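Written below as structure tokens is the structure these notes are about.
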Amino acid sequence: RRTGSPGAGAFSHHHGNRFVAGDSIVEGQEIFIDYGRSWFEYREEIMGPIPFDEEYDMADMLLRKFFELERANVDDDDDDDDGTSLSPDVLGGLWELIREDLLGDRVRLHMALPRNLEGARQAHQTGSAAHSVPGMMRTPQWLRENGACLDNIRPGLSNIPHAGRGAFATRRLKEGRIVTSAPMMHMHRDSLRMYRRDESGTGGGNGDKGESIRYTGDQLLLNYCYGHPNSSVLLFPYAPAVSFVNGAPEGTEPNAFLRWSDMSYHRSEWLDMSAGEVLTKDHTGLILEFVASRDIQEGEEILIDYGDGWRDEWDRHSEGWNVSDDDRNYVSASMLNNADAPVLTAREQKDEP
């Protein structure tokens, strides 16, 4: 509650969202969700034109018609062996003609069709969309050698006062075992700063005349990031349930610790780069591992050492915390949903409080 805890507002209330299988998923199959057309259209200058559902549907129809033609030719040849069967070279040339010359400027459809006859045969069997992602199926052995277990922890209400939710072991984990792995998304610390433009003020270099822009705080995401206080780089873990791992409170020993991963996907050379060099990377490359520092029992909360600096700041915050007017007047999103009333903008509230 806002009026009863110094931890109020320090963690997200958005939780419990789940991914539901929209189709049958077989063992070793990569999982995809629909990002929407705009995600790809926005990145077209970087990724190039990406086929959409209608292009893949058209590609599958063309593949089906093409190989119906081949089968019809073979059937005719069986009835009348006059040497007119289409050779692989002729079929390959015909496929190239369809792909390169008959599609005109339909670039997305062009991208949905395999480049050669062999690829066309494979796409005819799997579907053109599946064929465009050749690594979407992995064997159990490949997963054991290259993957990481992500279901050793689950979210739940933390046992630590004011902490909100925590991460709990789903099975017994022996000392030294990797609890979970977390790819880290790097960002500049300043990207989480928030500002407000005031319509009244003395003006100045940060805004138009009669306006001022002031720093109001940082986004909530900051509380889920790792980093050094003197570094401009923040690292956000985006593996399932990892963000729920809490720091061990005073008097409690942590049962896990962090280390850099030795997986092939971890770019260990980044650790020798400057902060500025890391921030120029347009893709993730760092992976942290949560490792059991002792045997962990099923159902036990996973705790790491946040460090003396964090504990000192928490003590300072909680000791000086008082209920503010904003806290007393706070209305949660769930209360607004239950009230079924329109949400007024800041200007509307000012004109009609």
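Some values worked out for this structure:
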item	result
Selected residue (only one of 319, 313 is open to solvent by 90 Å² or more (accessible area, probe 1.4 Å), farther than 30 Å from residue 177 by Cα, within 32 Å of the chain's Cα centre (by Cα) and at pLDDT 85 or above)	313
Residue 176 being part of a loop (DSSP other than H, G, I, E, B), within 24 Å of residue 262 (Cβ to Cβ) and either open to solvent by 80 Å² or more (accessible area, probe 1.4 Å) or out of contact with any strand residue (DSSP E or B) (no Cβ under 9 Å at 6 or more places or on another chain) (or both)	no
Every pair of residues 6+ apart whose Cβ atoms lie under 9 Å, when the first sits in the stretch 93-104 and is at negative phi and at pLDDT 80 or above while the second is among the small types (Gly, Ala, Ser) and part of a helix (DSSP H, G or I)	95/120; 99/120
Close pairs from the stretch 38-62: first in contact (Cβ under 8 Å) with a residue 60 or more places away in the chain and hydroxyl-bearing (Ser, Thr, Tyr), partner assigned to a helix (DSSP H, G or I) and open to solvent by less than 60 Å² (accessible area, probe 1.4 Å), Cβ under 8 Å, at least 6 apart	56/112; 56/128; 56/129
Residues being over 20 Å from residue 161 (Cβ atoms) and either open to solvent by less than 100 Å² (accessible area, probe 1.4 Å) or among the aliphatic types (A, V, I, L, M) (or both) - total across the stretch 295-310	4
Which listed residue, of 292, 256, is in contact with a Gly (Cβ under 8 Å, 6 or more places away or on another chain), small (Gly, Ala, Ser) and surrounded by 15 or more Cβ atoms within 10 Å (Cβ to Cβ)	292
Residue within the stretch 36-55 that is under 30 Å from residue 244 (Cβ atoms) and exposed (fewer than 10 other Cβ atoms within 10 Å of the Cβ) present	yes
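The values are calculated or read from the model by the stated rules, or taken from the named source; none is laboratory data. On a predicted model such as this, the values are computed, not experimentally measured, just so you know. Here Cβ is always computed from backbone atoms with ideal geometry, including for glycine, and neighbour counts include all displayed protein chains. Side chains included, ligands, DNA and RNA excluded: accessible areas come from the protein's heavy atoms. Shrake-Rupley method; radii C 1.70, N 1.55, O 1.52, S 1.80 Å.
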